[in-house]
Amino acid sequence: MLVAYSAKVPENSCWPSPSQWDALNTSISGKLVDVQPVAVSCYPGALFNIDTCADVSSKWDNCAWQAEQPAGLCQEADDLKCPLVVPPAVSEDDCTNGNEPRYAVNATAAGDVAAAIQFAKDNNIRLVIKTTGHDFLRRSQGFGSLLVWMRYYRTGLDFQQTFQSSCSEALNWKGSALKIGGGYQWSDVYAVAAANNVIVVGGGAPSIGAIGGWLQGGGYGPATHQYGIGADQLLEAEVALADGSIVIANTCQNSDVWSAIRGGGPSTYGVVLSATFKAYPNVGAVGQKLSFDIPSTNSSAFMNAMAVLYSSLPDLIEEGFTVFGHWGISNVSLIGSAPPGYFHNAYMINRTVEEAQAVFSPVQQKLAAFGLNITQRWASYDDYWALFNNVSGGDNPGFPIGVIYSRFMDKTAMQDNPSDLLQTLDTLAGAPGDSTRLAIECMSGGKVFEDANDRYSSAHPAWRSSYCLQLVQRGWPPDADKAFISAVKDDVTSVKGGALIALAPDTGTYMNEAGWEDPNWKDNFYGSNYPRLLDIKKQRDPGSVFYCPTCVGSDEWVEDESGRLCRV
């Protein structure tokens, strides 16, 4: 049942008056934004503009451009109330904010963030937080909400040759560090790291925000196997809390907050204003690009080769490899574009080509037995950033409408029962006409496993025993009916997701690359950490100022038919 207490929405008579919004705007020096849908210029009405609409259309799939819009999303929601259209075949009523924020505070200073939090508390308005909009889980969306927009909150990128903090000794880190002050993207951070000849663990896509959902959801990238997941890099942070205070969080002070934001989910415990990351000496690396097609006369050879490759991955990871692979049995067109077959980028940090080839040779011999047309190229790089820019430095286009599911894969799942593995891969591949996109991301092991005893980590415990993350995604055309969409969602979440759970029952997933409709999100996103994180949430934010779906404590709320957020 629902109780009377709920967040106010624009249709309520008690919604803040124009004068109240004006007062907020004045207090933050005119930084309040009246949020309009990104595609509003394509619809009849006061903001219709055919030239602007054409510009929006040309940039719609560009994540970096979407990040510059208050309502922009890198992953398009399937319930977007103002989708990109070709005018004039629409009406003005077809374009509304829907689940996008109603107003945004374009924060550029800590006081702006504090003012937004206080206004939301005082007026009982749903509060959401966003930096770049890279999010499958809709955590930066909310009907009738006030957005804390961190895109332009930038206080500097400070490289420290030797980490300096009052908590340095307790943190036991004597190396270099890089303080990220606000909403910088990884491209900004990487430029500073490269200029100072160090490596930082960050995302594979440069346009991702560095200290938002990526960090707080766990975070991984090309250097994770060597140095650990993103959350394990955090030395200390500056956080704006629900009570209005701005605190330093590390091992020595506010350690509960520090622990919670190290993998316990974003937009839940506070707004992270700055974060200081470990930095490592720059070293060389080796890269491999490998691909093979599906034989036109023997598709079973391809699937059997995939099963052999999968079973070989844990051994490759244990030897120091990182592998990011993509595959499918048909052309993918509804969720980007990809040909059938398999392709991967693989690399080893601080190793030679000869060493890497020796490690990969047994796998190569196994694959050769299937008579596939295998191509591979090896390259040596003098430093990590040369590798990154060659194999991982570009942004993928934004994901069109679709559904995703993911699961961590441990050694048991990948090696103990070859027939079960092959059957699962067949289920994931689906039918040729399904336009299924699959990815196998193997970046764990190594330092990730070594950090298993970190008592302050809030990352899912399955990180510490799983080698890879398996992702599956399907899409649908813009004119698809509800029955077709429902069938696709069921196939991905129940059929393909169910097969992954059966193969790897004791793992979970990486919340930042998971399905927002996962019915078992507590176990799959947080695992055994959830009760402890809920205690921190209740202590630090007893009024639930911070809320997002599938975030800790969110099951105490539900959206009614109007989109209003109500307590259960």
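None of the figures in this text is laboratory data; all of them are computed from the coordinates on show. A quick note: this is a predicted structure, and the numbers were derived from the prediction, not measured. In this analysis, Cβ positions are derived from the backbone assuming ideal geometry, glycine residues included, and neighbour counts consider all displayed protein chains.
Data overview
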{"quantity": "When residues of region 461-475 are limited to those that are of a type in the set (A, V, I, L, M, F, W, C) and not in a strand (DSSP E or B), the one surrounded by the most Cβ atoms within 10 Å (Cβ to Cβ)", "calculated": "TRP463"}
{"quantity": "Candidate set from region 303-321 (those that are buried (at least 22 other Cβ atoms within 10 Å of the Cβ) and of a type in the set (A, V, I, L, M, F, W, C)); member that is farthest from the chain's Cα centre (by Cα)", "calculated": "ALA305"}
{"quantity": "Those residues of region 247-261 which are surrounded by 23 or more Cβ atoms within 10 Å (Cβ to Cβ) and either of a type in the set (D, E, K, R) or free of Cβ contacts under 8 Å to residues at least 24 places away in the same chain (or both), in sequence order", "calculated": "ALA249"}
{"quantity": "Of the criteria (1) surrounded by fewer than 17 Cβ atoms within 10 Å (Cβ to Cβ); (2) out of contact with any Pro (no Cβ under 9 Å at 6 or more places or on another chain); (3) on the phi < 0 side of the Ramachandran plot, which one GLY244 fails", "calculated": "(3)"}
{"quantity": "Restricting region 286-300 to residues that are more than 11 Å from ASN373 (Cα to Cα) and surrounded by fewer than 20 Cβ atoms within 10 Å (Cβ to Cβ), the residue that is nearest to the chain's Cα centre (by Cα)", "calculated": "LYS289"}
{"quantity": "Members of region 364-393 that are without any contact (Cβ under 8 Å) to a residue 60 or more places away in the chain and within 15 Å of HIS344 (Cα to Cα)", "calculated": "GLN364"}
{"quantity": "Qualifying residue in region 135-142 (condition: more than 20 Å from the chain's Cα centre (by Cα), closer than 30 Å to VAL33 by Cα and surrounded by fewer than 24 Cβ atoms within 10 Å (Cβ to Cβ))", "calculated": "no"}
{"quantity": "Subset of region 367-390 [farther than 22 Å from TYR190 by Cβ, surrounded by 14 or more Cβ atoms within 10 Å (Cβ to Cβ) and not aromatic (Phe, Trp, Tyr)]", "calculated": "LEU367, LEU372, ILE374, GLN376"}
{"quantity": "Residue match in region 477-487 (condition: under 30 Å from GLY433 (Cα atoms), touching a residue at least 24 places away in the same chain (Cβ under 8 Å) and surrounded by 18 or more Cβ atoms within 10 Å (Cβ to Cβ))", "calculated": "no"}
{"quantity": "Residue satisfying condition, being of a type outside the set (A, V, I, L, M) and in a helix (DSSP H, G or I), within set SER58, SER29", "calculated": "SER58"}
{"quantity": "Which listed residue is surrounded by fewer than 21 Cβ atoms within 10 Å (Cβ to Cβ) and β-branched (Val, Ile, Thr), from VAL192, VAL201", "calculated": "VAL192"}
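The rows are residues; the columns are (1) under 22 Å from ASN345 (Cα atoms); (2) of a type in the set (Lys, Arg).
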{"position": "ASP416", "(1), (2)": "no, no"}
{"position": "SER419", "(1), (2)": "no, no"}
{"position": "ARG437", "(1), (2)": "yes, yes"}
{"position": "CYS442", "(1), (2)": "yes, no"}
{"position": "GLY445", "(1), (2)": "yes, no"}
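Every residue, every condition in (1) outside any loop (DSSP other than H, G, I, E, B); (2) more than 17 Å from the chain's Cα centre (by Cα), yes or no:
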site	(1), (2)
PHE449	yes, yes
PRO477	no, yes
ASN512	yes, no
SER528	yes, yes
